[in-house]
Amino acid sequence: MEKVLTKMVGIENSRNIDVYLKSGGYQALPKALKMTPDQLVGMMKDAGVRGRGGAGFPTGMKWSFLPKDNPNPRYLLCNADESEPGTCKDRVLMEEDPHQVIEGLAISSFAIQAHTCYIYIRGEYVNGAQVLNKAIQEAYDKGYLGKNILGSGFDLDITVHRGAGAYICGEETGLIESLEGKRGWPRIKPPFPAVYGVFGSPTIVNNVETLVTPVHIINRGIQWWKDNEPKLYCMSGHLNRPGVFEAKIGINLKDLIYGDDYSQGIAKGRKLKAVIPGGSSVPVLKADECDVAMDFDALAKAGSALGSAGCMVMDETTCMVNALWNLIKFYAHESCGQCTPCREGGHWMEMVLGRIETGRGRMEDLDLMLETANNIAGRTICPLGDALAWPIAGMPDKNKGGDLSGNSFVTKFRDEFEYHITNKKCKVTIPHEWN
Amino acid sequence: MPLIKIDDQELEIAKGETIFNAAKRIGIEIPYYCYHPGLKIVASCRMCLVDMVGAPKPVPACSTTVMDMPEARKVDGKYDAVISTTNERVLTARKAVLEFILLNHPIDCPICDKAGECKLQDYSYEHGNHDSRFIETKRIPEKKDLGPSIFLYTSRCIMCSRCVRFTQEITGTEELKVRNRGWHSEIDVAPGHPLDNKMMGNVVDLCPVGCLIDKHERFEGRVWNFVHTESVCPGCSKGCNTVLDTMKHQKLNLEELVDTVYRVRPRENMEVNQWWICDDGRYLLEGNKDRKRLHFPQIRVNGSMAEVSWKASLEAAAEKIKAGGKVVFVGSPYASNEENYLLGKLAKAVGAGVDVSKPLMGEMHTFKTEMNKYPFTIESEKAPNFRGAKDVLGLSSSNEEASLSAQTVVMLGNDHLNLQKKPSTLIAIASFENAVSKLADVVLPAAIFTETSGTFTNKDGRVQKFNKAVQSPGEAKAVWQILVDLAQALGQDFYYESVGAITKEMTEQISVYKTVDVSALFAETSWVDENIIA
Ligand SMILES: Cc1cc2nc3c(=O)[nH]c(=O)nc-3n(C[C@H](O)[C@H](O)[C@H](O)COP(=O)(O)O)c2cc1C
Ligand code: SF4
Ligand code: SF4
Ligand code: SF4
Ligand code: FES
């Protein structure tokens, strides 16, 4: 399949603007500048682009929420905080092909009529920030940024802002607070950022991958996009060939795991046990549930989510208690601490799981976890609370009055949890090399 | 206006009004921690979750508003929202939040000063689980000294962030911060920047639990022993509304129970002080602790002061007033309207002149921040009733210097005076021993504002009532009673049943006070009988 998003990856000097130009770069921007902003927003709607940051919110619709009558300047914030465990796709885009990102940002800024754009990049991406800054300078020098871009009369400045190592600053309102120089405490919504965002102005926050999509829709057309929508998948875990792969959205998860073009199967000839398909916050799929299309709707139907497409593959030697403990540790550690359920519940669950893993579990802990997950999910300011609860107890289920379905680690692998509690050790034999 | 139903009551809700406030309006209290009417809404504690028909998840009442719904989306064909504050879902959510908060709470109520008025205790009794499902180890961070008057009992914090928002939004001093993240979050100050501003005492009242503790009050009393009396701060001409919390306690070496004001708290008055008071006012009584009160009447005998009976002192005073020469009765900006009024009335009856002493002046301080709708100003006139004293004495200003040179001066209060030259005869109605009282010829020991009732008129002309909270020490008496007795000694027939009777007469006699509705003053809080402690 033709690579679109990752076309430049592997090309020598791919970050250089001349190389980007030579391979057809910066051709969408002039076309976009000849369109009207409304046409661009309409284009995103027609193409049906959904956000790549996690929630899968329709991008064109988000852009159209900007109030028409607000006199304040508008801002575009490019969410490059990429901290969801298992997710590493934005990094490839920024580090290998920064000009694609800049072109996407310029088009998107024009579409929403923002003259200032910030790239909020996770602090650990030192290299990414340097690459972006260098590329931004090149783009200014060639007139793709700055005043009167390509003679269109449109001005745009892009600033790279480095985070300081907090997952919560990837949540859009946490990001906004952090960008304003405050503690990264997510805000209550409404008001949504489109109405009251950074510095109190209308603001659009989108993921890096989301913001490069208009480049390709303009270059190749809406119909092409609908037929071939490219998506990046981050394959990690016990695989022969982990990495970031581009594929048509909706590719079967099995193909991603076993396909020759992709991860080429489970490492060391072992058996597949489970997959977390969309970044660590989404419910886990068992091996026999992995025959599923990797798109928003199919995964939702399967009781999980595409999320950030951070696909974590676990083989038969994985202890599921330990795996869940590890995930929950992350969320407990990253809770900003504002909301009672997330702050207290997260750490509690971490402690309970630690107890089970280290042989001090009680049978009642399993129901306690399921119940507590329900007491956290949906009762917090930002979705980190959900991200913490879903791996434990699955997605909200309409048939259960909105309570969590129960379909994730604790239920799907209950035998392993029970074994741990009864026998005070892992059910699986953990091979030497993982220890 | 959207029509909603909360539990079984139907009501209209204004645009922008929260479910919390609407419920409150109809008498339904939804439990809450982080919400405070004077602070930005953060909706983080999740105590106020309620169930809304159609909403996938319980919603926080403190931040949720209701819009007009299109016909098709109305519930039961007419409601824009139907809310339950008591159904199973709500109760489970509340229980869960309390369980979460208590995971890490030391539950050291027996030694916590907040016990008895703690929202965590109250809600736990009402909504909580009685057995903890938490078998892990609690995190017990150390207590911190935040500054000159406040301790942080770190482990008791429930992270409602009210105190942080207070220093951000109300004082703008921003001393308090949250440090760390998640389960490790703690309130703290930056090194070298203690919590130190003129309104910091308010964070203690604000804290829903016993995390922020006032050093002045720590371990001094238990709140269920307190008696609450509505009062007005005499600290400046702003006239903040306060509550005096008093408690009987046994003095060392004394059998009798003495009641003392243990704590001063703000009382909400949106037009004056909103929810706050300044620390000058809050700790005003602290300053009296090491001062000597005048317990008994005194007269000067052969150059030195001797304690005598009330009868003897009043007779001595009357004799001096009648002795001839120019007599001036000097009222006080620190005394109530009633006291000044009575003083003026007596002066007139005996043909003496009247005046009022000047209030102390100090710094004016305004706390202004972008977010604060009601910037709080501590006034420069450091007396509660200069305006009222002038009104009831019929004066437009103080003529203090001239008055003090009269032959005989009857002086109400004197703490604020810097007496250069003693009048030949000085009759002092005073509460504390000081340079002036030492110069006096007759000292009549008087109650201070916590020991009597009356009204003050603040700088804006607002007449506000304060009430008697504690008994006077020794034989000290309320000023109005002293004046009635003095009038009698001077052959005048003054008789009042209570302060209220003076207030009534005053509003009839003083033209600018005719508009003061005495019954409204009375209705606001029942007038405290002088002889019974409120
Ligand atoms: C705790 C948390 C962390 C998040 N981190 C990121 C992130 O690192 N990158 C990202 O693009 N979106 C992240 N999101 C999602 C953003 O809040 C937001 O939905 C997204 O940036 C919107 O972009 P999109 O519409 O392009 O997906 C996070 C959300 C939560 C709740
Ligand atoms: S859900 Fe967790 S991370 Fe999100 S605002 Fe609440 S406490 Fe912070
Ligand atoms: S110290 Fe008190 S007011 Fe401040 S956050 Fe903690 S509980 Fe709330
Ligand atoms: S502002 Fe004035 S009236 Fe209010 S508390 Fe302070 S001193 Fe008392
Ligand atoms: S009072 Fe509503 S969330 Fe705290």
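Here are the numbers for this structure:
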item: Amide hydrogen neighbours beyond the local backbone of A:ARG162, cut-off 5 Å, H modeled; result: A:ILE121
item: Accessible area of the protein assembly as shown belonging to carbon and sulfur atoms, whole % at 1.4 Å probe; result: 50
item: Debye log10 I(q)/I(0) for the protein assembly as shown, one point scatterer per Cα, at q = 0.07, 0.08, 0.10 Å⁻¹; result: -0.73, -0.86, -1.14
item: Two-site FRET efficiency, A:LYS254 against A:SER64, from Cβ-Cβ distance with R₀ of 35 Å, rounded to 0.05; result: 0.40
item: Rg/Rg_ref, the stretch B:298-533, where Rg_ref = 2.2 N^0.38 Å and atoms are Cα; result: 1.02
item: Between helix A:37-47 and chain A: long-axis angle, C-alpha atoms, 0 to 90°, nearest 10; result: 40
item: Minimum 40 Å² accessible area buried by the other protein chains, the stretch B:100-126 residues, probe 1.4 Å, relative to alone; result: B:PHE100
item: Stretchable slack from B:LYS215 to B:ASN129, in nm (0.36 nm times residue separation minus alpha-carbon distance); result: 27.7 nm
item: Residues B:ARG179 and B:ARG293, FRET efficiency given R0 of 35 Å [Cβ-Cβ distance, rounded to 0.05]; result: 0.15
item: For the protein assembly as shown, accessible area per residue (1.4 Å probe, heavy atoms of protein chains only), Å²; result: 41
item: Nitroxide proxy distance, nm - points 7 Å out along Cα→Cβ at B:ARG139 and B:ASP517; result: 5.4
item: Dipole of the protein assembly as shown [Lys/Arg +1, Asp/Glu -1 at C-beta], most positive-end residue of B:ILE13, B:LEU343, A:LEU77; result: A:LEU77
item: Inter-label distance, nm, simple model (7 Å from Cα along the C-beta direction), A:LYS22/B:SER309; result: 11.7
item: Stretch gain in nm, segment B:ALA323-B:GLU508, where the contour uses 0.36 nm per residue and the Cα spacing is subtracted; result: 63.3 nm
item: Inter-label distance for A:ALA267 and A:LYS226, nm, one decimal - labels placed 7 Å from Cα along Cα-to-Cβ; result: 4.2
item: Buried on assembly, the stretch A:378-395 (at least 40 Å² less accessible surface than by itself, 1.4 Å probe); result: A:GLY378, A:ARG379
item: B:LEU91-B:LEU11 FRET efficiency (beta carbon distance; Förster radius 35 Å; 0.05 resolution); result: 0.95
item: Degrees separating the helix A:384-393 axis from the principal Cα axis of chain A, which is the longest one; result: 40
item: Rounded to 5, the percent of DSSP beta bridges in the protein assembly as shown classed as antiparallel; result: 60
item: Highest to lowest packing among B:480-486, A:176-182, A:373-379, scored as the average C-beta count within 10 Å; result: A:373-379, B:480-486, A:176-182
item: Relative contact order computed over the stretch A:160-235 (Cα-Cα under 8 Å; 6+ residues apart), in percent; result: 16
item: Interface area, B with A, accessible, probe 1.4 Å, both sides summed, Å² nearest 100; result: 2900
item: Accessible surface, 1.4 Å probe, highest first, among residues B:ARG162, A:ARG360, A:ARG187; result: A:ARG360, A:ARG187, B:ARG162
item: Residues in the stretch A:362-376 that, when all protein chains are in place, have 20 Å² or more less accessible area than the chain alone would give (probe 1.4 Å); result: A:ARG362, A:LEU368, A:GLU371, A:ASN375
item: Backbone HN-Hα couplings from phi across the stretch A:342-356 [Karplus 6.51/-1.76/1.60, Hz, Gly and Pro as x]; result: 6, 4, 7, x, x, 5, 4, 4, 4, 5, 5, 5, x, 5, 4
item: The stretch B:27-89 versus the stretch A:21-51: alpha-carbon centroid distance in Å; result: 41
item: Spin-label proximity, A:ILE430 to the stretch A:304-321 - amide N less than 20 Å from point 7 Å beyond Cα toward beta carbon; result: A:312-321
item: Residue-by-residue Karplus 3J(HN,Hα) for the stretch A:363-378, coefficients 6.51, -1.76, 1.60, Hz, glycine and proline x; result: 4, 5, 4, 5, 5, 4, 5, 4, 5, 5, 4, 5, 6, 9, 4, x
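The values are calculated or read from the model by the stated rules, or taken from the named source; none is laboratory data. Just so we're clear, the structure is a prediction, and the values are computed from it rather than from any experiment. Cβ coordinates were reconstructed from backbone atoms using ideal geometry, including for glycine residues, and neighbour counts include every protein chain displayed. Just so you know, the surface numbers come from the protein's heavy atoms only, side chains and all, with ligands and any DNA or RNA stripped out. Shrake-Rupley method; radii C 1.70, N 1.55, O 1.52, S 1.80 Å.
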